[in-house]
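Structure record follows, encoded as structure tokens.
The values are calculated or read from the model by the stated rules, or taken from the named source; none is laboratory data. Values in this document were obtained by computation on a predicted structure and should not be read as measured data. Every residue, glycine as well, gets a Cβ built from its backbone with ideal geometry; the counts of neighbours run over all protein chains shown. Remember, those area values only see protein heavy atoms, side chains included, never the ligands or the DNA or RNA. Shrake-Rupley method; radii C 1.70, N 1.55, O 1.52, S 1.80 Å.
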Amino acid sequence: AVDSQFVFDDVFERDVGQKEVYERSGARAMTSALFDGCSGVVFAYGATGSGKTFCIEGEDPGKSAVRQSDNDGLIARAARDV
């Protein structure tokens, strides 16, 4: 057996809001860093049905550009910050 160690920057409880995920995940800081020539990746990991797509896209990604919602995902929030 191989011993493995895994390190996470953050783990979010199921009741955390989209805004808090955007702030704590580093996505907001990464969006700002784009203008300094940096690149970045958001990696969402979890079981099927755990909310990865919702976290990234939000509740209704087609309408996020038109109106803001508490359920907007990381993409819509980053686009607004640009």
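In segment 43-81, the residue that is nearest to the chain's Cα centre (by Cα) out of those that are modelled with pLDDT of 85 or more and β-branched (Val, Ile, Thr) is 56. Looking only at segment 42-62, count every residue that is on the phi > 0 side of the Ramachandran plot and open to solvent by 70 Å² or more (accessible area, probe 1.4 Å) and tell me the total. Qualifying residue count for the region: 1. Taken over segment 1-24, the criterion of being under 19 Å from residue 72 (Cα atoms) and free of Cβ contacts under 8 Å to residues at least 40 places away in the same chain is satisfied by 12, 13, 14, 15, 16, 20, 23, 24. Of all the residues in segment 27-41, those that are at pLDDT below 90 and open to solvent by less than 70 Å² (accessible area, probe 1.4 Å) number 1.
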